[in-house]
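The values are calculated or read from the model by the stated rules, or taken from the named source; none is laboratory data. What you see is a predicted model; the values in this text were computed from it and never measured. Glycine also receives a Cβ, built like all others from the backbone with ideal geometry; neighbour counts cover every protein chain displayed. Note: accessible area is taken over every heavy atom of the protein model, side chains too, but ligands, DNA and RNA are not part of it. Shrake-Rupley method; radii C 1.70, N 1.55, O 1.52, S 1.80 Å.
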Amino acid sequence: MERVWYDIGDVKITRIDELLLTIDPKALFRSWDRASVAHCLPAMTPHLITEGTEQLLSSVHVWLAKTPHGAVLIDAGIGNGKQRPTFPPFHMLQTKFLEHLAAAGVEPADVRHVLITHVHTDHVGWNTILVGDTWQPTFPNAKYYIPKAGCDFFSSPEGSARPNADMFRDSVVPVLNSGQAQLVPSDGQDVLGMFQYHPTVGHSIDHMSILLRSKGSTGFFAGDVMHHPIQFHKPEWSSVYCASHQEAEASRRWAMDYCLENNATFFSSHFTSSSVCRLKRLDDAVSFEFV
Ligand SMILES: [Zn+2]
(Lines give C-alpha, C1' and ligand atoms only; values in the text may rest on other atoms or scores of the structure.)
Protein backbone atom coordinates (compact mmCIF):
# COMPACT_ATOMS: atom_id res chain seq x y z
CA MET A 1 0.00 0.00 0.00
CA GLU A 2 1.24 3.45 -0.81
CA ARG A 3 2.32 5.44 2.22
CA VAL A 4 0.16 8.47 2.99
CA TRP A 5 1.58 11.56 4.72
CA TYR A 6 -0.51 14.24 6.39
CA ASP A 7 0.69 17.80 6.91
CA ILE A 8 -0.07 19.63 10.13
CA GLY A 9 1.88 22.86 9.62
CA ASP A 10 5.59 21.97 9.70
CA VAL A 11 4.94 18.39 10.78
CA LYS A 12 4.53 15.40 8.48
CA ILE A 13 2.54 12.48 9.88
CA THR A 14 2.13 8.90 8.74
CA ARG A 15 0.72 5.69 10.18
CA ILE A 16 2.96 2.76 11.08
CA ASP A 17 0.86 -0.39 10.98
CA GLU A 18 1.10 -3.25 13.41
CA LEU A 19 -2.07 -5.41 13.53
CA LEU A 20 -5.62 -5.72 12.21
CA LEU A 21 -8.40 -7.31 14.26
CA THR A 22 -12.04 -8.20 13.77
CA ILE A 23 -14.23 -7.88 16.85
CA ASP A 24 -17.80 -8.90 17.46
CA PRO A 25 -19.73 -5.65 18.10
CA LYS A 26 -21.31 -7.04 21.26
CA ALA A 27 -17.89 -7.99 22.57
CA LEU A 28 -16.68 -4.39 22.19
CA PHE A 29 -19.80 -2.42 23.10
CA ARG A 30 -22.07 -3.64 25.88
CA SER A 31 -24.75 -1.21 24.63
CA TRP A 32 -24.56 -2.43 21.01
CA ASP A 33 -28.00 -2.17 19.45
CA ARG A 34 -27.90 -2.94 15.75
CA ALA A 35 -31.31 -1.42 14.98
CA SER A 36 -30.24 1.99 16.27
CA VAL A 37 -27.24 2.14 13.91
CA ALA A 38 -28.61 0.12 10.97
CA HIS A 39 -28.78 3.25 8.80
CA CYS A 40 -25.02 3.88 9.33
CA LEU A 41 -23.81 0.39 8.49
CA PRO A 42 -23.86 0.45 4.66
CA ALA A 43 -21.46 3.43 4.54
CA MET A 44 -19.09 1.61 6.93
CA THR A 45 -18.95 -1.61 4.95
CA PRO A 46 -16.46 -3.14 4.11
CA HIS A 47 -13.65 -0.84 5.33
CA LEU A 48 -14.85 -0.36 8.91
CA ILE A 49 -17.28 -3.26 9.31
CA THR A 50 -17.01 -6.61 7.52
CA GLU A 51 -19.49 -7.49 4.84
CA GLY A 52 -22.20 -10.01 5.80
CA THR A 53 -20.83 -11.02 9.20
CA GLU A 54 -20.88 -7.39 10.43
CA GLN A 55 -17.80 -7.64 12.60
CA LEU A 56 -16.08 -4.44 13.62
CA LEU A 57 -12.67 -3.91 12.06
CA SER A 58 -9.97 -2.53 14.31
CA SER A 59 -6.36 -1.55 13.75
CA VAL A 60 -3.44 -1.25 16.11
CA HIS A 61 -0.90 1.24 14.79
CA VAL A 62 1.43 4.03 15.81
CA TRP A 63 1.60 7.58 14.45
CA LEU A 64 4.98 8.82 13.29
CA ALA A 65 5.38 12.60 13.23
CA LYS A 66 8.43 14.06 11.49
CA THR A 67 8.94 17.40 13.22
CA PRO A 68 11.65 20.09 13.00
CA HIS A 69 12.86 18.55 16.32
CA GLY A 70 13.19 15.05 14.86
CA ALA A 71 11.00 11.96 14.75
CA VAL A 72 8.21 11.63 17.29
CA LEU A 73 6.08 8.53 17.86
CA ILE A 74 2.61 8.83 19.29
CA ASP A 75 1.95 5.62 21.19
CA ALA A 76 3.95 2.44 20.88
CA GLY A 77 1.66 -0.43 19.87
CA ILE A 78 1.85 -3.99 21.19
CA GLY A 79 5.46 -4.98 20.55
CA ASN A 80 7.10 -8.25 19.55
CA GLY A 81 7.63 -11.29 21.73
CA LYS A 82 5.53 -10.04 24.63
CA GLN A 83 3.86 -12.66 26.82
CA ARG A 84 0.15 -11.76 26.74
CA PRO A 85 -1.59 -15.06 27.54
CA THR A 86 -4.74 -13.31 28.79
CA PHE A 87 -5.28 -11.72 25.35
CA PRO A 88 -4.20 -14.16 22.61
CA PRO A 89 -4.32 -11.68 19.67
CA PHE A 90 -1.45 -9.73 21.32
CA HIS A 91 0.49 -12.77 22.61
CA MET A 92 4.05 -13.30 21.36
CA LEU A 93 3.64 -11.28 18.17
CA GLN A 94 6.35 -11.18 15.54
CA THR A 95 5.29 -8.32 13.26
CA LYS A 96 7.37 -6.23 10.89
CA PHE A 97 6.63 -3.02 12.77
CA LEU A 98 10.26 -1.83 12.84
CA GLU A 99 10.58 -2.57 9.12
CA HIS A 100 7.46 -0.50 8.50
CA LEU A 101 9.04 2.31 10.53
CA ALA A 102 12.27 1.99 8.50
CA ALA A 103 10.23 2.13 5.29
CA ALA A 104 8.97 5.52 6.47
CA GLY A 105 12.61 6.62 6.79
CA VAL A 106 13.08 6.22 10.54
CA GLU A 107 15.43 3.86 12.36
CA PRO A 108 15.05 3.28 16.13
CA ALA A 109 18.05 5.55 16.85
CA ASP A 110 16.34 8.42 14.98
CA VAL A 111 13.32 8.53 17.30
CA ARG A 112 13.71 11.52 19.65
CA HIS A 113 10.40 11.48 21.52
CA VAL A 114 7.78 8.83 22.28
CA LEU A 115 4.45 10.21 23.50
CA ILE A 116 2.30 7.61 25.26
CA THR A 117 -1.43 8.41 25.61
CA HIS A 118 -2.06 5.84 28.37
CA VAL A 119 -0.44 2.82 29.97
CA HIS A 120 -2.26 -0.05 28.23
CA THR A 121 -0.91 -3.15 26.48
CA ASP A 122 -1.52 -1.93 22.92
CA HIS A 123 0.03 1.52 23.52
CA VAL A 124 3.34 0.84 25.30
CA GLY A 125 4.62 -2.37 23.67
CA TRP A 126 7.30 -1.01 21.34
CA ASN A 127 8.77 1.00 24.20
CA THR A 128 11.04 -2.01 24.65
CA ILE A 129 12.63 -4.90 22.79
CA LEU A 130 14.22 -8.05 24.09
CA VAL A 131 18.03 -7.89 24.12
CA GLY A 132 19.40 -11.20 25.36
CA ASP A 133 16.98 -11.91 28.16
CA THR A 134 16.23 -8.36 29.25
CA TRP A 135 13.76 -5.80 27.96
CA GLN A 136 15.52 -2.62 26.92
CA PRO A 137 14.31 0.65 25.40
CA THR A 138 13.78 0.19 21.65
CA PHE A 139 14.64 3.82 20.97
CA PRO A 140 18.01 4.54 22.63
CA ASN A 141 17.99 8.30 21.95
CA ALA A 142 14.36 9.01 22.80
CA LYS A 143 12.75 10.72 25.71
CA TYR A 144 9.59 8.79 26.57
CA TYR A 145 6.60 10.77 27.89
CA ILE A 146 4.37 8.49 29.96
CA PRO A 147 1.28 9.46 31.99
CA LYS A 148 2.27 9.55 35.65
CA ALA A 149 -1.12 8.33 36.88
CA GLY A 150 -0.70 5.08 34.90
CA CYS A 151 2.79 4.52 36.30
CA ASP A 152 1.57 5.23 39.84
CA PHE A 153 -1.33 2.81 39.44
CA PHE A 154 0.68 -0.09 38.05
CA SER A 155 3.35 0.47 40.74
CA SER A 156 0.71 0.12 43.47
CA PRO A 157 -0.26 -3.24 45.05
CA GLU A 158 -3.69 -3.00 43.35
CA GLY A 159 -2.25 -2.22 39.93
CA SER A 160 0.55 -4.76 40.05
CA ALA A 161 -2.01 -7.50 40.80
CA ARG A 162 -3.94 -6.72 37.60
CA PRO A 163 -3.80 -9.39 34.88
CA ASN A 164 -2.35 -6.83 32.44
CA ALA A 165 0.42 -5.65 34.80
CA ASP A 166 2.99 -7.66 32.83
CA MET A 167 2.95 -4.95 30.19
CA PHE A 168 4.01 -2.41 32.82
CA ARG A 169 6.88 -4.63 33.96
CA ASP A 170 8.20 -5.45 30.47
CA SER A 171 7.36 -2.26 28.54
CA VAL A 172 7.42 0.64 31.03
CA VAL A 173 9.66 -0.26 33.99
CA PRO A 174 12.76 -0.71 31.76
CA VAL A 175 12.20 2.81 30.40
CA LEU A 176 11.79 4.20 33.93
CA ASN A 177 15.01 2.43 34.94
CA SER A 178 16.93 3.73 31.91
CA GLY A 179 16.32 7.34 32.92
CA GLN A 180 14.63 8.07 29.57
CA ALA A 181 11.14 8.58 31.00
CA GLN A 182 9.44 11.87 31.62
CA LEU A 183 6.25 11.42 33.64
CA VAL A 184 3.33 13.48 32.41
CA PRO A 185 1.18 15.02 35.18
CA SER A 186 -2.58 14.44 35.09
CA ASP A 187 -3.36 18.02 34.12
CA GLY A 188 -1.32 17.81 30.94
CA GLN A 189 2.02 18.93 29.61
CA ASP A 190 3.60 20.75 26.70
CA VAL A 191 6.14 18.88 24.57
CA LEU A 192 8.48 20.68 22.17
CA GLY A 193 6.22 23.73 22.10
CA MET A 194 3.97 22.00 19.56
CA PHE A 195 2.44 18.95 21.26
CA GLN A 196 0.19 19.31 24.26
CA TYR A 197 -1.16 16.53 26.46
CA HIS A 198 -4.77 17.06 27.46
CA PRO A 199 -6.51 14.83 30.05
CA THR A 200 -9.31 12.71 28.51
CA VAL A 201 -9.83 10.21 31.33
CA GLY A 202 -12.53 7.55 31.34
CA HIS A 203 -11.09 4.88 29.07
CA SER A 204 -8.45 4.62 31.79
CA ILE A 205 -7.54 6.71 34.82
CA ASP A 206 -4.44 8.06 33.07
CA HIS A 207 -5.82 8.56 29.57
CA MET A 208 -4.73 11.67 27.68
CA SER A 209 -5.14 12.89 24.14
CA ILE A 210 -2.39 14.84 22.43
CA LEU A 211 -2.92 18.05 20.51
CA LEU A 212 -0.49 19.13 17.83
CA ARG A 213 -0.43 22.74 16.71
CA SER A 214 1.83 24.00 13.96
CA LYS A 215 1.49 27.06 11.72
CA GLY A 216 -2.22 27.47 12.35
CA SER A 217 -3.10 23.78 11.75
CA THR A 218 -4.24 21.45 14.51
CA GLY A 219 -4.05 17.68 14.80
CA PHE A 220 -5.79 15.73 17.55
CA PHE A 221 -4.29 12.38 18.52
CA ALA A 222 -7.27 10.90 20.26
CA GLY A 223 -5.75 7.80 21.84
CA ASP A 224 -8.60 5.52 22.95
CA VAL A 225 -11.24 8.21 23.32
CA MET A 226 -12.98 6.14 20.62
CA HIS A 227 -12.46 2.57 19.47
CA HIS A 228 -14.61 2.58 16.34
CA PRO A 229 -16.07 5.37 14.18
CA ILE A 230 -19.59 4.12 14.97
CA GLN A 231 -19.08 6.08 18.21
CA PHE A 232 -19.35 9.35 16.24
CA HIS A 233 -23.00 8.30 15.86
CA LYS A 234 -23.23 6.82 19.35
CA PRO A 235 -20.91 8.80 21.66
CA GLU A 236 -22.80 7.27 24.58
CA TRP A 237 -21.35 3.84 23.77
CA SER A 238 -18.16 3.05 25.67
CA SER A 239 -16.00 0.03 25.01
CA VAL A 240 -15.82 -2.86 27.45
CA TYR A 241 -12.21 -1.78 28.03
CA CYS A 242 -13.24 1.61 29.42
CA ALA A 243 -12.80 2.03 33.19
CA SER A 244 -15.51 4.65 33.67
CA HIS A 245 -18.22 4.75 31.00
CA GLN A 246 -19.54 8.09 32.22
CA GLU A 247 -16.15 9.80 32.10
CA ALA A 248 -15.28 8.10 28.80
CA GLU A 249 -18.45 9.49 27.24
CA ALA A 250 -17.72 12.98 28.57
CA SER A 251 -14.17 12.81 27.16
CA ARG A 252 -15.51 11.57 23.81
CA ARG A 253 -17.96 14.47 23.58
CA TRP A 254 -15.24 16.93 24.61
CA ALA A 255 -12.91 15.51 21.94
CA MET A 256 -15.52 15.85 19.20
CA ASP A 257 -16.34 19.41 20.27
CA TYR A 258 -12.67 20.29 20.39
CA CYS A 259 -12.08 19.03 16.84
CA LEU A 260 -15.19 20.81 15.55
CA GLU A 261 -14.37 24.12 17.22
CA ASN A 262 -10.69 24.09 16.31
CA ASN A 263 -10.98 22.59 12.83
CA ALA A 264 -8.65 19.85 14.06
CA THR A 265 -7.85 16.67 12.16
CA PHE A 266 -8.73 13.57 14.22
CA PHE A 267 -6.06 10.84 14.31
CA SER A 268 -7.43 7.62 15.81
CA SER A 269 -5.49 4.86 17.55
CA HIS A 270 -7.79 2.10 16.34
CA PHE A 271 -9.85 3.02 13.30
CA THR A 272 -9.19 1.15 10.07
CA SER A 273 -9.32 2.83 6.65
CA SER A 274 -6.98 5.86 6.92
CA SER A 275 -7.73 6.26 10.65
CA VAL A 276 -7.77 10.03 10.01
CA CYS A 277 -11.04 11.99 10.02
CA ARG A 278 -12.39 15.47 9.56
CA LEU A 279 -15.52 16.26 11.56
CA LYS A 280 -18.51 18.44 10.74
CA ARG A 281 -21.63 19.29 12.68
CA LEU A 282 -24.89 18.48 10.93
CA ASP A 283 -27.88 19.71 12.92
CA ASP A 284 -27.52 17.88 16.26
CA ALA A 285 -25.25 15.14 14.99
CA VAL A 286 -21.58 14.95 14.08
CA SER A 287 -20.67 13.72 10.63
CA PHE A 288 -17.20 12.58 9.73
CA GLU A 289 -15.24 11.85 6.63
CA PHE A 290 -12.04 9.92 6.30
CA VAL A 291 -9.19 11.84 4.72
ZN1 LIG B 1 -5.97 0.92 22.57
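Computed quantities for the displayed model
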| read-out | value |
| --- | --- |
| Hey, S209 within 21 Å of P185 (Cα to Cα), within 16 Å of the ligand (Cβ to nearest atom), open to solvent by 10 Å² or more (accessible area, probe 1.4 Å) and at pLDDT 95 or above or not | no |
| Filter result (within 27 Å of H228 (Cβ to Cβ) and hydroxyl-bearing (S, T, Y)) within region 173-211 | S186, Y197, T200, S204, S209 |
| Scope region 38-90; condition open to solvent by 20 Å² or more (accessible area, probe 1.4 Å), closer than 23 Å to A103 by Cα and either in contact with a Phe, Trp or Tyr (Cβ under 8 Å, 6 or more places away or on another chain) or modelled with pLDDT under 95 (or both); matching residues | N80 |
| Of all residues making up region 69-105, the number that are farther than 16 Å from R169 by Cβ and outside any loop (DSSP other than H, G, I, E, B) | 14 |
| Where N177 falls short, out of the listed (1) part of a strand (DSSP E or B); (2) open to solvent by 60 Å² or more (accessible area, probe 1.4 Å) | (1) |
| Qualifying residue in region 252-274 (condition: buried (at least 17 other Cβ atoms within 10 Å of the Cβ), aliphatic (A, V, I, L, M) and farther than 16 Å from H203 by Cβ) | yes |
| Filtered residues of region 245-275 (kept if in a loop (DSSP other than H, G, I, E, B), away from the ligand (no atom under 16 Å from the Cβ) and not hydrophobic (A, V, I, L, M, F, W, C)) | N263, S273, S274 |
| Those residues of region 72-113 which are among the acidic types (D, E) and either within 16 Å of the ligand (Cβ to nearest atom) or under 17 Å from the mean Cα position of the chain (by Cα) (or both), in sequence order | D75 |
| Residues of region 106-126 satisfying the condition of being assigned to a loop (DSSP other than H, G, I, E, B), within 19 Å of T200 (Cα to Cα) and open to solvent by 10 Å² or more (accessible area, probe 1.4 Å) | H120 |
| Within region 127-152, considering residues that are open to solvent by 10 Å² or more (accessible area, probe 1.4 Å) and in a helix (DSSP H, G or I), the one farthest from L73 (Cα to Cα) | D152 |
| Some residue of region 145-159 being free of Cβ contacts under 8 Å to residues at least 12 places away in the same chain and touching a helix residue (DSSP H, G or I) at 6+ places or on another chain (Cβ under 6 Å) | yes |
| Of all residues making up region 114-153, the number that are within 16 Å of the ligand (Cβ to nearest atom), of a type outside the set (G, A, S) and farther than 20 Å from G81 by Cβ | 5 |
| Odd one out for G216 among (1) open to solvent by 10 Å² or more (accessible area, probe 1.4 Å); (2) more than 16 Å from the ligand (Cβ to nearest atom); (3) touching a helix residue (DSSP H, G or I) at 6+ places or on another chain (Cβ under 8 Å); (4) not basic (K, R) | (3) |
